[in-house]
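Visitor: Right, I'll just put the structure down here and ask away after.
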Amino acid sequence: MTVLVIVIGAILINYLTEIIYSKYWDKDLDAIVEFQREPVYEGDEAILTETVVNNKRLFLTVLSVGFQIHRNLIFSDGENASISDLSYKRDIFSVGGYQKITRKISFFCSRRGYYELDKIELVCRDPLLTGKYYMTLEHPDFFYVFPGMVEHNRLEIPFQKVMGSVIAKKNLYEDPFEFRGIREYQLTDPMNRINWKASARSDQWMVNLFDSTTAQEVRIILDLEEETLLKYNDIHEEAIRVAAALMEKCIVNGIPAGLMTNGRDVKTGELISMAPGTGPQQVVEMKKELSRIDLDQTAERMLPLLEQERASMEKTSCTYVVIAKNQQMSKFEKMQELAYQGAGVIWISTLYDDMEWTLPKNGIIQTMYWEVPK
């Protein structure tokens, strides 16, 4: 008889437990998984915060919280995670009534990119582990991993080439309405620069100096088009790093810098482009745009884009910096046309050390080889 009562009692408790949990387990229950607010650079670690709030009396003995993120974001502990196309993470909580639990999870950012997290899956078990209940929550969040840094010493040579071009263009386009000062006459000065009043006062020839008001802009052309069916994503990743570093260095030195690329936005699929600008916000936006380039999407053909640029070019004071693995002569000739129109052109070839560098040296375009480590 006693055994029968125990069995009946156990069945009754199990039945009541299932009823209570099936009806109330997800009431006033929330779970949020969010990235840290500050972007990081590839190769850095970042923090993801996992928060569970149970705003009711019912004790949740076993609550599983699961979510998935891109496999380029690698959880440091490696526990409760599996990696395929995506990285899956599942953690177990025991949450009391009116309790809030917060966990910090560190992860390693192996590649630059724009990463999203949308759905959170909750699985609850009752105390007797006989019932299993599911719920999906949507708390969208996103995270930027900026392109990695480039060694300062390696960047100095291309930057000096850019600065040389900018200074040359600035000297070429002086504005006669922007007076800067007076100095002694030199044999190379034109007669219309002579300041007659100052010359009479000083008893020697003096000439006026003028500043340039023509915007000295740098425009990075990032070519990610493949010449063959083979993909060279590691080379393109290095090209993106070089573009980011060179643009930032120009902006920090007060030179407006913009971006044109045939790479596509991972979110919209559209081509990425930025008008020249200066200031800290331009640097941040530039890094975000470069982070969003998706190398899995086929890049647009660059030649038509260069033709559009040549046809619409208004400012001959612009300096173009081409960063590309592709060495097609048709593109090189199109950049020559820009140079003949008065623009400065610098071409940086990003190649493995065993790849042939075939660009001609003609004087009007400055060429430079950038070795990409394997």
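Visitor: Assigning unit charges at the beta carbon (Lys, Arg +1; Asp, Glu -1) and nothing else, what dipole magnitude in debye, to the nearest 20, does the chain show about its Cα centre? Before the final figure, lay out each step's value.
Guide: Details: 42 positive and 54 negative charges, 145 e Å.
So the magnitude is around 700 debye.
Visitor: Put +1 on the Cβ of each Lys and Arg and -1 on the Cβ of each Asp and Glu in the chain; which of Val284, Gly363, Ala311 then has its Cα farthest toward the positive end of the dipole?
Guide: The residue sitting farthest along the positive end of the dipole is Val284.
Visitor: Could you tell me whether the chain comes out rounded, prolate or oblate from its Cα gyration tensor? Rule is a ≥ b ≥ c as square roots of the eigenvalues, rounded for a/c under 1.5, then prolate if a/b exceeds b/c, otherwise oblate.
Guide: Verdict is prolate for the chain.
Visitor: Suppose every Lys and Arg Cβ carries +1 and every Asp and Glu Cβ carries -1, with no other charges. What dipole size does the range 70-141 come out with about its Cα centre, to the nearest 20 debye?
Guide: 160 debye
Visitor: Sticking with this structure for a sec: Sorted by average packing, counted as other Cβ atoms within 10 angstrom per residue and highest first, what order do 61-67, 318-324, 278-284 take?
Guide: Details: 61-67: 18.7, 318-324: 25.4, 278-284: 14.3.
The most tightly packed comes first, giving 318-324, 61-67, 278-284.
Visitor: Extending each Cα 7 Å along its Cβ direction at Met368 and Glu151, get the distance between those two points in nm, one decimal.
Guide: Once both label points are built, they end up 1.5 nm from each other.
Visitor: Something else about it: Report, in debye and to the nearest 20, how large the dipole of the range 283-359 comes out about its Cα centre when Lys and Arg carry +1 and Asp and Glu carry -1 on their Cβ. Each step should come with its number before you reach the end.
Guide: Values: 9 positive and 13 negative charges, 46 e Å.
Around 220 debye, computed over the range 283-359.
Visitor: Quick check on the chain: of the DSSP beta bridges with both residues there, what percent are antiparallel, nearest 5%?
Guide: Working: 61 of 86 bridges.
Of all bridge pairs located within the chain, approximately 70 percent are antiparallel.
Visitor: Find, among the GluC sites (Glu not before Pro) in the range 305-374, those assigned to loop by DSSP (not H, G, I, E, B) with at most 16 other beta-carbon atoms within 10 angstrom.
Guide: Those that pass, being in a loop and sparsely packed, are Glu314, Glu356.
Visitor: For Glu138 and Glu227, calculate 0.36 nm times their separation in residues minus their Cα-Cα distance, and state this gained length in nm to one decimal.
Guide: 27.9 nm
Visitor: Would you work out which of Ile220, Gly254, Ile240 lies farthest towards the positive end of the dipole of the range 217-267? Charges go on Cβ: Lys and Arg +1, Asp and Glu -1.
Guide: Farthest towards the positive end: Gly254.
Visitor: Distance between Cα centroids, the range 311-374 to the range 252-281: provide it in whole Å.
Guide: Centre-to-centre distance over Cα atoms comes out at 19 Å.
Visitor: Rounded to the nearest 0.05, what FRET efficiency is calculated for Ser22 and Ser110 with R0 set to 30 Å and r the Cβ-Cβ distance?
Guide: After rounding to 0.05, the efficiency reads 0.10.
Visitor: While we're on this one: So, R0 is 25 Å and r is the distance between the beta-carbons of Asp296 and Trp357; what FRET efficiency does that work out to, to 0.05? Write out the running numbers ahead of the final one.
Guide: Details: r = 27 Å, r/R0 = 1.10.
Once rounded, the FRET efficiency stands at 0.35.
Visitor: If R0 is 41 Å, what FRET efficiency do you get for Arg57 and Leu86 from their C-beta distance, rounded to 0.05?
Guide: About 0.70, to the nearest 0.05.
Visitor: Rounded to the nearest 500 deg cm²/dmol, what is the calculated helix-only ellipticity per residue at 222 nm for the chain, with -39500 (n - 2.57) per DSSP H run of length n ≥ 4?
Guide: Helix contribution divided over all residues of the chain: -9500 deg cm²/dmol.
Visitor: Each label point is 7 Å from the Cα along the Cα-to-Cβ direction; what then is the distance between the points at Glu337 and Gln308, in nm?
Guide: A separation of 1.5 nm, rounded to one decimal place.
Visitor: Among Leu246, Leu229, Leu117, which one shows the highest mean-square fluctuation when the chain is modelled as a Gaussian network with alpha-carbon springs under 10 Å?
Guide: Leu229
Visitor: Figure the gain on full extension for Lys288 and Asn72 (residue separation times 0.36 nm, minus the Cα-Cα span) and round it to one decimal in nm.
Guide: 76.1 nm
Read-outs throughout are calculated quantities, based only on the coordinates presented, and are distinct from any laboratory measurement. All of these numbers come straight from a predicted model, not from anything done at the bench. Methodologically, a virtual Cβ is constructed for each residue, glycine included, from the backbone with ideal geometry; neighbour enumeration extends over all protein chains shown.
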